[in-house]
Amino acid sequence: MTLAELAERVWYGHGTAAAAARAALAPAAVLFRAAAAGRSALYDRGLFGAHALGAPALGVGNLTVGGTGKTPVAAWACAELAARGARPALLMRGVGDDEARVHALLNPSVPVVADPDRVRGAARALALGADALVLDDAFQHRRARRDADLVLVSAERFDARAVRALPAGPYREGLGALARASVAVVTRKSASPAGAREAANALRPWVPGGAVAVVHLAADGLRRWDGDETRPLTALRGAAVLAAAGVGDPGAFAAQLRAAGADVALVRRPDHHAYTDDDAAELASRATSARFGPSPWVVTTLKDAVKLGPRWPRGAPPLWYVSQRVTVERGADLLAARLDAVAAAARRHAAPPTSSDPPL
């Protein structure tokens, strides 16, 4: 069992062993929560400074460790800003390079700057011609000043009765931190619309003005890694599928495939897993077993495919990935207002200075 799998069992398990582990970790969680709250209070009181980034900025973050859909939502925000006439760049922490490759595929014209120092990264983005910034996973990075923050919460994993701080749970900050959010965004993959609405209603009292939106991260189809071939997700109905996922919530990915009618064997990997040639060879070999039949399906996420694809063995069954579509189901006006404001500020930022002084 990997460390990531152990954490999943402790954080989300319902058995006595998981409860005992959480109880043992509770003192450490109290210390973590106190440290996080103290740090945040220093920023609130102005004792720690927040630095302007030189251009209007939109943060896309969360309260927990992974699994909320930051990558597709950040890519969607970049595309929306570009459609409004802005020239966005995406700033990342630089943990691995899988997300940078994903963003480059989803928005080829948007510069991606990976730097743990977001202030330094912003300067690089401006030098590349950006007039607006989207910060991926930046809600706790208060040193970098943003004009708006979208804070994502997974409908699959949210339970208002079980908001536990690290290491007893996945929370980096509690629900009280949503007072800093511009819009809380409930994301759902396999959760029902009703489940997402329930989460949204629970979050609404914590967010200024009750600004909560719901976004569906829908499985949009299958794409073959080594070519332009696409298939509808219905192609998996009744098929035995070997699925590989090294993301924040592998279970939600598997649930999407099962909802399409697939018989899924899931290979879990830690988030940002660095695939090796041996990993690729092992998956390809497993796919040729009798369980998966004469025409096996090997399906992964785009985040995994950008690392597995270049290592995929020749002659192995094709490697497919699931493309995601971002659909705003509730709160479209809230999100549009924030994007409009950032795009308008970008236009002002990019406009040449004017002067009432007569020319020399």
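The values are calculated or read from the model by the stated rules, or taken from the named source; none is laboratory data. Everything quoted here is computed from the prediction, not taken from an experiment. We place every Cβ from the backbone using ideal geometry, glycine too, and count neighbours over all the protein chains shown. Note: areas computed on protein heavy atoms with side chains; ligands, DNA, RNA excluded. Shrake-Rupley method; radii C 1.70, N 1.55, O 1.52, S 1.80 Å.
Determine which aspartates and glutamates satisfy two conditions relative to residue 303: a Cα distance under 18 Å, and not lying fewer than 8 residues away in the same chain.
Partners found: 97, 98, 99, 136, 137, 220, 226, 228, 249, 271, 277, 279.
Of 103, 349, which has the most accessible area and how do the rest follow, probe 1.4 Å?
Reading off the accessible areas and sorting them downward yields 349, 103.
Which one of 306, 267, 298 has the biggest mean-square fluctuation once the chain is modelled by GNM with Cα springs under 10 Å?
267
Per residue, how large is the accessible surface of region 33-74? Use a 1.4 angstrom probe and give square angstrom. Intermediate values should be presented prior to the final figure.
On the way: 1700 Å² over 42 residues.
Value returned for region 33-74: 40 Å² of accessible area per residue.
What trypsin sites (Lys or Arg not before Pro) does region 1-83 have in DSSP loop regions with at most 14 other beta carbons within 10 Å?
45
With label points built 7 Å along Cα→Cβ from the Cα atoms of residue 291 and residue 16, find their separation and express it in nm.
Taking the two extended label points, one gets 3.1 nm.
With axes computed from alpha carbons, what is the tilt in degrees of helix 332-350 against the longest principal axis of the chain, rounded to the nearest 10 within 0 to 90?
The two axes meet at around 50 degrees.
Work out the FRET efficiency for residue 235 and residue 9 from their Cβ-Cβ distance, taking R0 = 41 Å, and round it to the nearest 0.05.
Working from the Cβ atoms, E equals 0.80.
Given the options 327, 187, 300, which has the most mean-square fluctuation in a GNM of the chain, springs set between C-alpha atoms less than 10 angstrom apart?
It is 327.
What do you get for trypsin sites (Lys or Arg not before Pro) in region 154-246 restricted to DSSP loop and a cutoff of at most 14 other Cβ within 10 Å of the site's Cβ?
When the trypsin sites (Lys or Arg not before Pro) of region 154-246 are filtered for loop state and at most 14 Cβ neighbours within 10 Å, 161, 237 remain.
Helix 16-44 sits at what angle to the longest principal axis of the chain, using alpha carbons and giving 0 to 90 degrees rounded to 10?
20
Sticking with the crude label model, points 7 Å out along Cα→Cβ, report the distance from residue 344 to residue 226 in nm, one decimal please.
Distance between label points: 5.2 nm.
Considering only DSSP beta bridges whose two residues both sit in region 219-270, what percent are antiparallel, to the nearest 5?
On the way: 2 of 8 bridges.
Roughly 25 percent of the DSSP beta bridges within region 219-270 come out antiparallel.
First measure r as the distance between the Cβ atoms of residue 115 and residue 42, then evaluate 1/(1 + (r/R0)^6) with R0 = 25 Å and state the FRET efficiency to the nearest 0.05.
Numbers: r = 23 Å, r/R0 = 0.93.
After rounding to 0.05, the efficiency reads 0.60.
FRET efficiency for residue 52 and residue 316, Cβ-Cβ distance as r, R0 = 56 Å, nearest 0.05?
0.65
Which of 26, 194, 104 moves most in a GNM of the chain, Cα contacts under 10 Å?
Judging by the Gaussian network model, the answer is 194.
Can you pull the one-decimal nm distance between simple spin-label points at residue 123 and residue 24, each 7 Å off the Cα toward Cβ?
Here the modelled spin labels are 4.7 nm apart.
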